[in-house]
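The numbers here are math on the coordinates, done by the rules we state, and not lab data. Treat the numbers as computed from the prediction; the structure is a model and nothing was measured. Note: ideal-geometry Cβ built from the backbone for every residue, glycine included; neighbour counts use all protein chains shown.
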Amino acid sequence: MSSQEDREKFQELIKQAKEAKKDDNISDSEARKEVYDNLENKSLTYFLKIFGKDDYDVDDDEMGLLDWLMNDLFKTEDQDEYQKRIDNMSE
């Protein structure tokens, strides 16, 4: 996957995080940091929680993000390559 596609997915994850925490009034920078930290830790449970928080269901867009996380990003074998992908997303 290209860096541009990774960045687009990252932006979608930030949007999902903000929507899931709209009652907490989370800022863009807080959402960005939270998503980044959970990507670094490969925390799939965090993403499952934010995807289901708004309506307790994972819709098609969220399923696409989940598929990307599980079957592309989290399967990056080399840790340096994984970190590079994450860093490129947040630039």
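Label separation (Glu12 vs Lys33): 2.6 nm, computed from points 7 Å beyond Cα along the C-beta direction. Sites listed here are chymotrypsin sites (Phe, Trp or Tyr not before Pro) in region 16-57 whose DSSP assignment is loop and whose Cβ has at most 16 other Cβ atoms within 10 Å: Tyr56. Over region 1-84, with a single point scatterer placed on each C-alpha, what log10 of the ratio I(q)/I(0) does the Debye formula yield at q = 0.13, 0.14, 0.16, 0.19 1/Å? Reported log10 I(q)/I(0), two decimals: -0.39, -0.45, -0.59, -0.83.
Extension gain for Leu48 to Asp61 (0.36 nm times residue separation, less C-alpha to C-alpha distance): 3.4 nm.
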